[in-house]
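Student: One structure coming up, written as structure tokens, with questions to follow.
No lab work stands behind these numbers, since they all come straight from the coordinates. Note that this is a predicted model, so its numbers are computed, not measured. Reconstructed Cβ throughout: ideal geometry from the backbone, glycine too, with neighbour counts over all protein chains shown.
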Amino acid sequence: MAQQALFLIMAVFTLGMALGTVTSRNIFHSALFLVGSFAGVAVIYFLLEAEFVGVAQIIIYIGAIATLIIFAIMLSRSVTGQNGSPMNRQWAFAALGAALLFAALAWLFSRVDFGSTAQPVPEDAIALIGAGLVTEYVIPFEVASILLLVALVGAILIARERHS
Amino acid sequence: MDLSQLDLRLIGVWFNNMLAGAGLAPGIISLINWVVGALLLLIFALTLAIALIWIERKLAARLQDRLGPNRVGPYGLLQMVADVLKLLTKEDITPLEADRVTYNLAPALAVFQVMMAMAVIPFANGVIGADVNIGVLYLMAIGSVGAMAALMAGWSSNNKYALVGGFRVVAQLLSYEIPLVMAMLIPVLVAGTMRMNGLAEAQGGWFGLGWYVWTLPTAFLIFFIAALAEGERAPFDLLEAESEIVAGFNIEYSGMKFAWFYLAFFLNSWVLAAVGATIFLGGWQGPFVAQIPALGVIYFIAKTLLLFFIQAWVRATFPRLRIDQMMSFCWKVLVPMALLLFIAVAVTLKLGLPQPVQGVALLGLNLVILLATLALVSRAQKRSVGAGKRAFAPELPRL
Amino acid sequence: MVPTHYYLILAAIIFSMGALGVLVRRNALIIFMCVEMMLNAVNLTLVALANQWGNLSGQVFVFIVMAVAAAEVAIGLAIVMAIVRHKDTINVEEINLLKW
């Protein structure tokens, strides 16, 4: 009961924030709405008994990604907010496409029957995730680390100011 | 009287029994427990902040050969009450072109972040808001929200100094979060748990020799330095460097909204000290704590105040660093040191040595890494001073 | 107990909204945010299904997705800043040359 109420509140909150991100005219407000939607999704992760993922969501998405985006907004503030409409001319087609996409996804999900009861999540989920990352999924894990390293070097290289 | 009855947990048991006796449903009882616990923490935090500000002002004054507040009440004890009254009656200014909602949200978020962090601090064995099994990770997550509050304040004030303060917040807090987190994870490796209470529990035995500060001094040093930067304290208080950017991100705030930032600042320092005391100084561990559990609160508060005192001492003593010195100190010294230490400790733990030998091995490892870093830094500094370049590390006074 | 379908539908709505934002907005940074939102929706389905089957592989993959998202943001924002520095605009409709 309490869980359903919390889910409903968080779902509405997250959707409202997501809508704000897409439609807000002020780019800084967009970023703040994005932070709100990340936080809403984090709470939904807690509802799904995935505490570790929920905390990682806050650390990575809010603490790093959203902060970096806001940093970029501040750095580029001289060129934002120019020339008129924040939307391009294809908004009607795009809205139609998004609606169709949602309809297709919803149809797909409604076709799947999950049965009535969910399986219980194991108690020591964090230990199992940690063990999984270094045994069964060690190759994706290592590839992700190399990807991060390459991205780090690449970002520095691209963003470096060349003094000529 | 049985001294083992002096246990704060028993108050909770008694409270729950009383509620159950009144015939309430278990769901309602846990709800009441949460609300009462949160209110207790809130009141404790607000009272604590007043005491901390008085302590810090008195300390700084004595260290700088002044008297400090001494007019209002005995030893100036009521000075903070007078200050709060003054702040309450001040005019609440919002700049004309400010982004109103964001501007008003930022101080609330700053305080919210610190209050949330207090939920996982164990005051005594089992006396903790929520002993979540990811306590240390939770602290990191909550800490990363703090930068957001400062960013919001910096942007929405519509002031260039506030904006520069916002930039500095991101640069400093994101950078120093890495050594802070690495240093916090090293005791987690040794203890094998991320529960805050479990970490304090793991440091019992041998009359205080089980504290991780003895076996992992370098990790504690990294943690303490990074905590100074995370707590925006001198010598890392570049976010509010008066001589450069006037007051940083909170320049436009006045009255109670400014007071909220001030509150968040002091509570943040205290929370970082409490985390350090829990993870490295054994938290509520101390002599006779097994017989008289209530002593744990006293030990915990004493250790936390000791760390807070050292923070205030450093703040009153050291001059402020330059921003490039601060960043290069983090990325070129602290981060490699923390990474190296982390790997070395993990490997040592895998060797499976018996307990005392392992402790000595960890201590030796820590000292070797610390001395090697010091040697490297001083060499690099000598070379850079000779070449007339920018100093690599904080400049030492040359006699 | 909330049925798994609800989580999936919520994720689908967030994903569609993100897609709409990517298609509609002209500001490169907002397009970025919408891409992050879409990745987030995918993560939500992964976690919901991990919860449904009591299997943690879904949660492990969320970490990989988060790592990819972080890498994407680092590179993407660097590119955006480089473009802002060179062309003085952040509007994707004006960034249409393959070679300068």
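Student: Considering all alpha-carbon pairs of chain A, what whole percent are spaced by more than 30 angstrom?
Tutor: Details: 5215 of 13366 pairs.
When every Cα pair of chain A is considered, 39 percent fall beyond 30 Å.
Student: If packing is taken as the mean number of other Cβ atoms within 10 Å per residue, what is the order of A:65-74, C:74-83, highest first?
Tutor: Top to bottom by mean Cβ count within 10 Å: A:65-74, C:74-83.
Student: Which residue fluctuates most in the GNM of chain B (Cα springs below 10 Å): B:ALA191, B:ALA82, B:ALA361?
Tutor: Checking each option, the largest mean-square fluctuation is seen for B:ALA82.
Student: Can you pull the three principal axis extents for the Cα set of segment A:123-164, in Å, largest first?
Tutor: So the three principal-axis extents are 58, 19, 7 Å.
Student: To continue, here is another question. Could you work out the equivalent-ellipsoid semi-axes for chain B, taking the square root of 5 times each eigenvalue of the Cα gyration tensor, largest first, in whole Å?
Tutor: Over the Cα atoms of chain B, the semi-axes work out to 34, 32, 20 Å.
Student: Specify the residue with the greatest mean-square fluctuation among B:LEU24, B:LEU334, B:LEU163, computed from a Gaussian network of chain B linking alpha-carbon atoms under 10 Å apart.
Tutor: Answer for the Gaussian network model of chain B: B:LEU24.
Student: Only residues of segment B:339-380 count here: report those whose backbone N is under 17 Å from the spot 7 Å along Cα→Cβ of A:VAL138, or say none.
Tutor: Output list for this probe position: B:347, B:350-351.
Student: Looking only at other chains, what is the average number of their beta-carbon atoms within 10 angstrom of each beta-carbon in B:173-182?
Tutor: Mean partner shielding for this stretch: 1.
Student: Set the Förster radius R0 to 51 Å, insert the Cβ-Cβ distance between B:ASP324 and C:SER57 as r into 1/(1 + (r/R0)^6), and round the FRET efficiency to 0.05. List each step's numbers first, then the result.
Tutor: Values: r = 45 Å, r/R0 = 0.88.
It comes out at approximately 0.70.
Student: If you don't mind, there's one more thing I want to ask. Hey, what number do you get for chain B at 222 nm if only DSSP H runs of n ≥ 4 count, each worth -39500 (n - 2.57), divided across all residues, to the nearest 500?
Tutor: -22500 deg cm²/dmol
Student: Would you mind ranking A:ASP113, B:ASP92, B:ASP237 by Cβ crowding within 10 Å, fewest neighbours first?
Tutor: Placing the least packed residue first, the sequence is A:ASP113, B:ASP92, B:ASP237.
Student: At a temperature of 37 °C and a viscosity of 0.692 mPa s, determine how fast segment C:4-87 diffuses translationally according to Stokes-Einstein, using the Kirkwood radius over alpha-carbon pairs as Rh; express D in µm²/s, rounded to the nearest whole number.
Tutor: Stokes-Einstein gives a translational diffusion coefficient of 236 µm²/s.
Student: I want to verify a result. In a Gaussian network model of chain B, Cα cutoff 10 Å, which of these has the top mean-square fluctuation: B:ALA302, B:ALA316, B:ALA20?
Tutor: The residue that fluctuates most here is B:ALA20.
Student: Separate question: Per-residue Cβ counts within 10 Å, from other chains only, averaged over A:40-53: what number is that?
Tutor: The mean count of partner-chain Cβ atoms within 10 Å per residue comes to 6.
Student: Ordered by residue, what ³J(HN,Hα) values in Hz, to whole numbers, does segment A:129-135 give under the Karplus form 6.51 cos²θ - 1.76 cosθ + 1.60, where θ = phi - 60° and Gly and Pro are x?
Tutor: Listing the rounded values in order: 4, x, 5, x, 5, 10, 10 Hz.
Student: Quick one: Karplus J couplings for segment B:256-261, per residue in order, coefficients 6.51, -1.76, 1.60, θ = phi - 60°, nearest Hz, x for Gly and Pro?
Tutor: Values per residue, Gly and Pro as x: 5, 5, 5, 4, 5, 5 Hz.
Student: Continuing with this model, one more query. May I ask you to derive the FRET efficiency for B:LEU77 and C:ILE79 from their Cβ-Cβ distance with R0 = 60 Å, giving the value to the nearest 0.05?
Tutor: Details: r = 57 Å, r/R0 = 0.96.
For R0 = 60 Å, the calculated efficiency reads 0.55.
Student: What FRET efficiency do you get for B:TRP34 and B:ILE298 if R0 is 35 Å and r is their Cβ-Cβ distance, rounded to the nearest 0.05?
Tutor: Using R0 = 35 Å, I get an efficiency of 0.85.
Student: Run the numbers on chain B and let me know its relative contact order in percent, using alpha-carbon pairs under 8 Å that are six or more apart.
Tutor: Relative contact order here is 20 percent.
Student: If you stretched the chain out fully between A:ASN26 and A:ALA131, how much longer would it get, using 0.36 nm times the residue separation minus the C-alpha to C-alpha distance?
Tutor: Difference between extended and current length: 33.4 nm.
Student: A follow-up question, please. Determine, for each peptide in B:95-102, C:86-93, the mean count of other beta carbons within 10 angstrom over its residues, then list the peptides with the highest first.
Tutor: C:86-93, B:95-102
Student: Of B:LYS58/B:LYS382; B:LYS332/C:LYS87; B:LYS160/B:LYS257; B:LYS160/B:LYS382; B:LYS382/C:LYS87; B:LYS58/B:LYS160, which ones are farther than 31 Å apart at the Cα?
Tutor: B:LYS58/B:LYS382; B:LYS332/C:LYS87; B:LYS160/B:LYS382; B:LYS382/C:LYS87; B:LYS58/B:LYS160
Student: Just need the relative contact order of segment B:135-264 here, percent rounded to a whole number, with Cα pairs under 8 Å and 6+ apart.
Tutor: Answer for segment B:135-264 is 33 percent.
Student: Nearest 10 degrees, 0 to 90: what angle lies between the long axis of helix C:4-24 and the longest principal axis of chain C (Cα atoms)?
Tutor: Rounded to the nearest ten degrees, it is 10.
Student: Full extension from B:THR94 to B:ILE11: what is 0.36 nm times the residue separation minus their Cα-Cα distance, to one decimal in nm? Please list the in-between numbers first.
Tutor: Details: separation 83, 0.36 × 83 = 29.88 nm, distance 4.51 nm.
In short, 25.4 nm is gained.
Student: Rounded to the nearest 500 deg cm²/dmol, what is the calculated helix-only ellipticity per residue at 222 nm for chain A, with -39500 (n - 2.57) per DSSP H run of length n ≥ 4? Could the numbers behind the result be given before it?
Tutor: Numbers: 7 runs with 111 residues, N = 164.
Theoretical 222 nm ellipticity from helices: -22500 deg cm²/dmol.
Student: Here's another thing I want to ask about it. Report, as a whole number in µm² per second, the diffusion coefficient that Stokes-Einstein gives for segment A:1-77 at 10 °C and 1.306 mPa s using the Kirkwood radius over alpha carbon pairs. Don't jump to the answer; show the numbers that get you there.
Tutor: Details: Rh = 13.0 Å.
So the translational diffusion coefficient is about 123 µm²/s.
Student: Under 8 Å for C-alpha pairs, at least 6 residues apart: give me the relative contact order for segment B:253-318, rounded to a whole percent.
Tutor: Working: 41 pairs, mean separation 20.9, N = 66.
Value for segment B:253-318: 32 percent.
Student: Using just the alpha carbons, could you tell me how many Å³ per residue the convex hull of the protein assembly as shown encloses?
Tutor: Value for the protein assembly as shown: 202 Å³ per residue.
Student: OK, next. Fewest to most neighbouring Cβ within 10 Å: what's the order for A:PHE102, B:PHE44?
Tutor: Least to most surrounded, the residues fall as B:PHE44, A:PHE102.
Student: How much length would be gained if the chain were fully extended between B:LYS160 and B:PHE44, taking 0.36 nm per residue of separation minus their Cα-Cα distance, in nm to one decimal?
Tutor: Length difference between fully extended and current span is 38.1 nm.
Student: Looking only at other chains, what is the average number of their beta-carbon atoms within 10 angstrom of each beta-carbon in B:107-120? Kindly include the intermediate steps, with their values, before the conclusion.
Tutor: Numbers: counts 0, 0, 0, 0, 0, 0, 0, 0, 0, 0, 0, 0, 0, 0.
Neighbouring Cβ atoms belonging to other protein chains average 0 per residue here.
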